[in-house]
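The values are calculated or read from the model by the stated rules, or taken from the named source; none is laboratory data. Nothing here was measured: the structure is a model prediction, and the numbers come from that model. Cβ coordinates were reconstructed from backbone atoms using ideal geometry, including for glycine residues, and neighbour counts include every protein chain displayed.
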């Protein structure tokens with residue numbers, strides 16, 4: 001008898017959201033900018049320079065997986081670099097496709113890795129949360145630098161400056177909440193209690209005892225893992241360096257796109273649009289509309305609207321469509337590994353002699 005494996009992901013919602021976002025972006029192009037001018041700008045793209053953006057994005061994922069690999073090793077969770085790389089790509093797939101508040105990659109990486117390796121879920125969760133804290137901190141720093149450069153060099157309209165400052169505040173607030181909840185078991189327990197109350201309100205007959213037992217063990221292991229990482233600061237140096245390198249390669253995609261289009265490199269604009277779209281997606285505001293947000297932000301920073309749309313199109317071809325293709329392949333490979341293990345486990349049980 002073959003085991004029943006539930007599909008890890010339903011794609012209908014993702015396709016609807018991507019379609020709505022794409023339609024909104026196309027409407028913006030045809031109503032507010034000159035499509036012929038965009039086509040002319042895109043036709044002048046240096047394809048040799050642009051092709052390096054795909055390589056750079058791939059290298060970014062290599063270093064991102066190394067961050068996770070080193071954090072897992074610090075927690076005595078033994079996996080290969082190959083598996084860390086595979087499940088990093090799996091996380092990127094869910095991050096790009098699931099309506100979420102910036103945590104689908106971390107949840108999916110934790111779930112898939114523990115299903116594959118039977119590693120401790122709490123410790124794996126601690127590793128992905130610590131990596132998230134690294135990334136969020138770098139995002140806040142870069143957005144702050146970008147805003148500082150813009151305010152120093154240009155007369156930014158009040159509403160634009162206010163909007164960017166508001167997003168920066170939200171990013172700092174999100175980072176503070178994640179950090180506080182990760183370090184304070186009492187805060188996590190409060191959130192768990194709130195979740196149970198909500199579920200019991202929606203499902204009157206639900207008995208939370210079994211759930212509480214499992215969740216309590218998981219959270220204890222999670223906080224123990226966080227404590228282990230905190231007490232070994234030297235072990236965090238290499239992952240932090242890898243995070244910086246990964247972050248550098250990811251933002252370099254934007255620089256390459258500007259260079260491929262033959263446009264002047266606006267460091268301030270690149271920093272802001274890179275971090276702004278990332279933060280907005282993290283807090284759920286730019287869900288399905290990152291291309292539009294990217295184009296409007298560049299235009300607000302005094303970049304020609306047609307150039308802004310061209311940058312958005314070429315950038316998203318790398319960090320969305322290329323990512324979807326590669327990460328979907330990784331998801332299928334990871335799913336095949338887990339299914340294969342379950343099948344072999346069932347076959348082993350069936351072939352055992354019965355007394």
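Name the residues in segment 314-337 that are surrounded by fewer than 22 Cβ atoms within 10 Å (Cβ to Cβ), within 17 Å of residue 26 (Cβ to Cβ) and modelled with pLDDT of 90 or more, would you?
Scanning segment 314-337 gives 314, 317.
Which is in contact with a helix residue (DSSP H, G or I) (Cβ under 7 Å, 6 or more places away or on another chain), surrounded by 15 or more Cβ atoms within 10 Å (Cβ to Cβ), outside any loop (DSSP other than H, G, I, E, B) and at pLDDT 90 or above, of 236, 280? Full working, then the answer.
On the way: 280 fails: at pLDDT 90 or above.
None of the other options fit; the residue is 236.
Can you go through 168, 143, 151 and tell me which one is surrounded by fewer than 16 Cβ atoms within 10 Å (Cβ to Cβ) and in a helix (DSSP H, G or I)?
Values: 168 fails: surrounded by fewer than 16 Cβ atoms within 10 Å (Cβ to Cβ); 143 fails: surrounded by fewer than 16 Cβ atoms within 10 Å (Cβ to Cβ).
None of the other options fit; the residue is 151.
What are the pairs with Cβ atoms under 6 angstrom where one residue, in segment 114-141, is on the phi > 0 side of the Ramachandran plot and free of Cβ contacts under 8 Å to residues at least 60 places away in the same chain and the other, located anywhere, is crowded, with 21+ Cβ neighbours inside 10 Å and part of a helix (DSSP H, G or I)? Sequence gap at least six, or different chains.
none
I'm checking my understanding of the structure. Among residues of segment 72-85 that are surrounded by 22 or more Cβ atoms within 10 Å (Cβ to Cβ) and in a helix (DSSP H, G or I), which one is nearest to the chain's Cα centre (by Cα)?
Narrowing segment 72-85 to residues surrounded by 22 or more Cβ atoms within 10 Å (Cβ to Cβ): 72, 75, 84.
Still in the running and in a helix (DSSP H, G or I): 72, 84.
Values: 72: 18, 84: 15 Å.
The extreme case among them is 84.
Under 19 Å from the mean Cα position of the chain (by Cα), within 18 Å of residue 252 (Cα to Cα) and buried (at least 20 other Cβ atoms within 10 Å of the Cβ), is that true of residue 53? Walk me through how you get there before you give the answer.
Numbers: under 19 Å from the mean Cα position of the chain (by Cα): yes; within 18 Å of residue 252 (Cα to Cα): yes; buried (at least 20 other Cβ atoms within 10 Å of the Cβ): yes.
So residue 53 fits the description; yes.
Please go through segment 194-204 and pick out each residue that is loosely packed, with under 12 Cβ neighbours inside 10 Å and in a helix (DSSP H, G or I). Steps first, please.
First, pick out the residues of segment 194-204 that are loosely packed, with under 12 Cβ neighbours inside 10 Å: 194, 197-198, 201-204.
Hits for segment 194-204 are 194, 197, 198, 201, 202.
Which residues, counting only those in segment 30-71, are closer than 24 Å to residue 300 by Cβ and in a helix (DSSP H, G or I)?
30, 31, 32, 35, 36, 37, 38, 39, 40, 41, 42, 53
Looking for whichever is over 20 Å from residue 302 (Cβ atoms) and part of a loop (DSSP other than H, G, I, E, B) here; the options are 189, 207, 221. Which one fits? Before the answer, list the steps.
Values: 189 fails: part of a loop (DSSP other than H, G, I, E, B); 221 fails: part of a loop (DSSP other than H, G, I, E, B).
Selected residue: 207, the only one of 189, 207, 221 that is over 20 Å from residue 302 (Cβ atoms) and part of a loop (DSSP other than H, G, I, E, B).
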